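Working notes for the structure below.
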Amino acid sequence: MTLFDFFDAAELPVPAVTPARAREIAATHFGMEADVDPLGSQQDANFLLRGPSGEPVGVLKIANPAFSRAELEAQDGAAAFIAAGEDIRTAVNVAPDAADSGIADVNGFLARIIRYLPGGTLSGERYLRPAQVAALGDLAGRTCRALASFDHPGVDRVLQWDLRHARRTVEVLAVHISDPHRRQAVEAAATAAWQVIDGLACDLPVQVIHGDITGDNVVCADTDGVPDGLIDFGDLMRSWTVAELAVTVATLLRHEGSEPAATLPAIEAFHAVRPLSPAEVAALWPLVVLRAAVLVVSGIHQSAIDADNAYAASALDLEWRIFERANEVPLDVMTAQISDALGLADTAPVVTGEARLIAGLDPSAVARLDLSVDSDAMDGGVWLEPGCEDRLAREALAAGAVVVVTTFGQARLTRSATLSSTSPATVATGVQLWPATTVTVTAPWPGTLGSTGPDVLTLTGAVATLELHGAVQSVAASGANREIAAGAALAGIDGPVWIQVRRNDTDAPRFVRPEYAAGWLHRVSDPGVLLGLTQLPVHGVHAARDSVALRQRRSRSFAGVQEHYYQHPPRIERGWREHLIGTDGRSYLDMVNNVAVLGHGRPELADAVARQWRRLNTNSRFNYGSVVALSERLAATLPDPLDTVFLVNSGSEADDLALRLAMATTGRHDVVAVAEAYHGWTYATDAISTSIADNPNALETRPPWVHTVPSPNAYRGEHRGTEASRYAPEAVAIIEGLAAQGHPPAAFICEPFYGNAGGMALPDGYLRAVYAAVRAAGGLAIADEVQVGYGRTGRWFWAFEQQGVVPDIVCVAKAMGNGQPLGAVITTKAIADAYRSCGYFFSSAGGSPVSCVVGLTVLDIIERDALQRNALSVGDHLKARITALAEHYPLIGTVHGSGLYMGVELVRDRATLEPAAAETAAICERLRELGVIVQPTGDRQNVLKMKPPMCITAESADFFVDVLERVLRTGY
Ligand code: PMP
C-alpha cells in the first residue's frame, strides 16, 4: 500500500470528469439516478447529486488518483467515528457496508457517495459572530477529542497540509511567489515561526486530525449560523493535535473584521473541550503563522499548475489576508495574550534596579497623573484637547510636585478617540515623567549605553533595557557602547521624558490596544518601580473580564428583572456629549440615550446642581424661587389653557398622576389606551401598558378598567398607507361603545408620536378625532410626552403639535432632567384642582430646589445650544442617509420618525413584512463591536431605535450610517 506523499507526488490537477460522466458513474456504480451539479474542490472532482424534485441526496466524490483506497477508507472511517462519539453531524459514506467499503473503482478513479448534510456552510469572508467563532473552536476540540482514539493505516500520508512538514512545504513552494517582497515576507515569517516550533515539537502530542476545520467544511443546521456538522475529510492525517486548532484559527482570519484577538473565543472553546498543554499554547500562534504561509504558497502553486481552477484562484486573496493578519502581532505577544485568555499566564518578574533611577527622590514628592477613564481630571471632555496630558502634568508641578509620572499599564483616556470602529491604542507600556527642575537620572543597573535616535538614550543590562526618550541630556559622556556601573549618572532631564523598561531583545510601542495589552505588557516592566513607587494594578487591560465579573456581582445584589443591554456589555464608566466610554478607553457612539438630551457629562449641569446642593435642598412645601421659576417655564412652553404644573420624579409617576387627575375630574375609572404602548411601571401605568416587549403577558393580564384601541400603525398594522385613516374612526367607535355600555372613559392616553412602536407619526387627524370622541364622552385627553416631547422630534417642541391638537393633560419626564429623576404633569387649573377630592398632592423630592435647578438648567441649555434645531437638521440628515441605504439593503423596511426620534424597521421580506428580530439583535451586537450603541425596540424587537442625545453632530450621525452600512454589507 502506498500512501500519498506530497513531496514525491506529481502535480495534482483535479480529475477531469464531466457532469454527464458523473451522472453515469452514480447510476452504474451506485444505482443512484440523479441530476448532478459540479462542486468546487482543490484536488478532487465533487458533484452534488439531486433527487427527482431537486432535493440533494448525496455528494459523489471522485478522488484524485494520487490518493489510495486506504486513505479514502480512513476518511470514511473517521467521519463515522466522530459521528458516533460526539454530537457532530459528519459526511459519512452512504454505503459503507457495500462491497469494497462503498468505494468503487471507475477506470482507475476511486469514487464514492457521501452523505449530503443540509444547512449552509460558513464559506466566504463574511463576519462571524463570537458565538460562531467559539463554535468552530468547540467543533475542532470535540473532533480532536473523538479522534484521539481513532487509528487507521490510511492516515500516515504526507500532506502539504501537515504542519509538521510546514517548513519544507514553504521551502519547496515559495519559489512560485513571483513578488520578491512577498516571497521574502512569507519565508521570514515561516522561519521565525518554525524556530519556535523546533524547540517544542517533541512536547506536542500527535493524533489523527481532520486537518481542515474551516468555514468551508462545516455546516450549520440552524439559521443562526452556529456550525454543528463537519464535511470534507480529505485532509485527514496524523499530525499534532494543536495543528487542528491552528488550522481553524487561521481560517477565521479571513473573515470580515477578524484579527488575531477575535479568534480567542475559538481558542478558549477548544481549550474547554481539549485542554491545551503549555507547549501547545506556545506552539499555537507559530502554527497559525505556518498554516497561513502554507495556504499562501499552496494557493499560488495550485493556481499555477491548474489555471482553470477558479476555486483555488478566488481563494488566494483571502489566503494573503490570513497571512497578513496572522503576522499583525508578534508571536510571543500573541502567545502571551492567548495564555492570558486561557488563565495560564505566568507573571513576568518585575525588573528592579540596584540603584534608584533618580537618586534621593522622595516617592511622596511624586505626583501620579491619572489619565484613566475614572480620573476626575478627565471631566468636561478634557481628554479630547490636544496636549492635555502635558498641561495636567504642568499643573501638578505648579501645585508643588517635584516629579510627575503617569501610570504603567494604564488605559489612558487621553489616547482614545471618538467615532472609531476599532479600539484605540490606549494602554501605556511605560511612563511619562515631568521634573519640576533638572534632575539627574542614574543607571539602575550596570549596562551598555546606546542610542536609537536623537533624544533617545538606552541602557542595556543583563535582563532589561531602559529607554529614555525626550528632554534628555546625556551626562554619561558621549558615545554608544560605553559600559557604565549601577548608580552612575546617566543623563540630566529638564523636561518631559518617556521611560520604558523592556526585557532584552524585545521592543514595544508606547501604547497598545487593550485586546493585546496583556501580551505586550509581557515584554515590558513598570519603570515606576525604579523610582521607588509601588506598582499599581494595570487598568483597562482586562476590561472584558472585569465587565463579566461586575455583571456577576450585579446579579447577586441587583434584581435580575432589571435587565442589561447586550450579551457581553462593556463596562461604561464615563460619558461625554453623545459618546460613552468603556474602562479600556474605547469610545462608543450613543444612539439610544434619549434621556440624556443634552449629552453626557455636562459640567454646567453638574456645577448648577452642586451649587444648589451646597445651598439648599428641601421640599416644595417650602417657599423658594426655583419651583416657581420651573413651573412658569414649563407652562410657558404650552398653549392655553395648560398653565398648571405638578412636579414629580419620573415618567411613570407623571402618567400615574395624570390618570388619577382624570379619574378625580370625571369621577370615572375606565381608561382607554393604545395597544403596544408602554406608560410606566406603577400599578396604574403598568395596567395601561400592553407592550409585549416589556411584558409578554400584558394582553392577558389587563384589569377590566383598561380598554385598548388598535395601535395606529400605518406600516404594518391592519390599515396601511393611506388606509391608516381608518384607525381613528375605529378608536372613536370603541370609545363610543364604552360610553354606550355605561363605561364612559375617564381618559384616553397615548404617545402623540408613537415612540414605543419605533417613533412613528400617528395618522393625520388621528388625535383630533379621538380627542373629540373622548371629550364628547366626558373624558380627558392625556398626552404622554415622556419620550417624544421636549423638542426631540425637531419640528415641534411638543409632539402633539404635529397633530394640531391641545391635550387636557401633558406628561413629561426623561429629557426634563437629562437623566436626573424629574417629571411633570401640566394641565388646566380646573383639572388640577379636582385632585383635591383625593386629598393633598405631595412628592418629597418632586419640585425640590435641586430638582428644579436641574429642570431649569436643562431648559436653558436646550435653548442656548438650539438643540431642537439640531435635532431637526441632524435628524433630517440621518433620515435621508438611512433612507438612501434602504435602496441597497432590502432588510431596511422603512425609516420611521422625525428629528432625533427615529426607528429603522428591519424586515425579512418587504411584502410580508416578516420582522427581522434576530437580525436586529445581531446587528446591534455587531454595531457595538464597531463602536456604536443602539438597541432594538417595538413589540417585534425589529426596530433599531435611534434617539441619541440631542447634541449629536452630523459627523457622528454619518459615522453611525457608515458603520451600519458596513454591517449590512459584511454581515452580522
Ligand atoms: N411613558 C413612556 C412613553 C415611556 O417611554 C416611559 C419610559 N420608557 C415612561 C412613560 C415611564 O417613564 P419612567 O421610566 O421615567 O418611569
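Some notes on this structure:
- In the context of the full set of protein chains, segment 57-184 has a per residue accessible area of 41 Å² (1.4 Å probe).
- Distance histogram in 10 Å bins (all Cα pairs of the chain, percent per bin): 2, 10, 16, 17, 16, 15, 12, 8, 4, 1, 0
- Ranked by how many other beta carbons lie within 10 Å on average, peptides 91-97, 160-166 from highest: 160-166, 91-97
- Alpha carbon centroid spacing (whole Å) that separates segment 755-772 from segment 724-750: 14
- In the full protein context, segment 691-730 carries 54 Å² of accessible surface per residue, based on a 1.4 Å probe and ignoring ligands, DNA and RNA.
- The residues neighbouring GLU125, those whose beta-carbon lies less than 14 Å from its own, together hold a net charge of 0 under the Lys/Arg +1, Asp/Glu -1 convention.
- Rounded to whole Å, the principal axis extents of the Cα atoms in segment 152-201 read 42, 26, 10, largest first.
- Proximal lysine pairs, the chain, alpha carbons under 26 Å, eight or more residues apart or interchain: 6
- With all protein chains in place and ligands, DNA and RNA left out, the 1.4 Å accessible area ranks THR28, THR953 as THR28, THR953, largest first.
- Based on DSSP H segments of at least four residues, each scored -39500 (n - 2.57), the chain has a per-residue ellipticity at 222 nm of -11000 deg cm²/dmol.
- Normalised alpha carbon radius of gyration of segment 665-797 [divisor 2.2 N^0.38 Å]: 1.00
- The accessible surface of segment 380-428, taken with every protein chain in place and a 1.4 Å probe, is 54 percent carbon and sulfur.
- Exposure rank, largest accessible area first [ASP212, ASP376; 1.4 Å]: ASP376, ASP212
- For THR406, net neighbour charge (Lys/Arg +1, Asp/Glu -1) across residues whose Cβ lies under 9 Å away: 0
- Convex hull of Cα atoms in segment 320-427, direction-averaged projection (nm²): 10.6
- Enclosed volume per residue, in Å³, of the convex hull spanned by Cα atoms of segment 553-620: 178
- Carbon/sulfur fraction of accessible area - segment 507-597, other protein chains in place, 1.4 Å, %: 52
- For segment 555-714: rounded, prolate or oblate by the Cα gyration tensor [a/c cutoff 1.5]: oblate
- Multiplying each eigenvalue of the alpha-carbon gyration tensor of segment 533-590 by 5 and taking the square root yields semi-axes of 22, 18, 9 Å, largest first, rounded to whole angstroms.
- Solvent-accessible heavy-atom area per residue, rounded to whole Å², over segment 494-645 at 1.4 Å: 49
- Cα centre as origin, Lys/Arg/Asp/Glu Cβ charges: the chain dipole, Debye: 2440
- TRP613 exposes around 150 Å² of accessible area when a 1.4 Å probe is run over every protein chain in place.
- Segment 490-569-segment 801-875 distance, computed between alpha-carbon centres (Å): 44
- Residue ranges 387-396, 815-824 sort as 815-824, 387-396 when ordered by packing (mean number of other C-beta atoms within 10 Å per residue, highest first).
- Rolling a 1.4 angstrom probe over segment 707-814 with all protein chains present gives an accessible area of which 52% lies on carbon and sulfur atoms.
- Of the trypsin sites (Lys or Arg not before Pro) found in segment 812-882, no site is in coil according to DSSP while having at most 13 other Cβ atoms within 10 Å of its Cβ.
- Rg(Cα)/(2.2 N^0.38 Å) for segment 489-596, N = residue count: 1.45
- Accessible heavy-atom area order of GLU863, GLU578, GLU919, highest first, probe of 1.4 Å: GLU863, GLU919, GLU578
- The local environment of ALA272, defined by Cβ-Cβ distances under 13 Å, has a net charge of +1 under the rule Lys, Arg +1 and Asp, Glu -1.
- Cut-off under 5 Å, modelled amide H: who pairs with LEU780 long-range: ALA747, PHE748
- Between segment 442-461 and segment 918-972, the C-alpha centres lie 50 angstrom from each other.
The values are calculated or read from the model by the stated rules, or taken from the named source; none is laboratory data. Source: prediction; values computed, not measured. Backbone-built Cβ (ideal geometry, glycine too); neighbour counts: all protein chains shown. Keep in mind that these areas ignore ligands, DNA and RNA; they rest on the heavy atoms of the full protein, side chains included. Shrake-Rupley method; radii C 1.70, N 1.55, O 1.52, S 1.80 Å.
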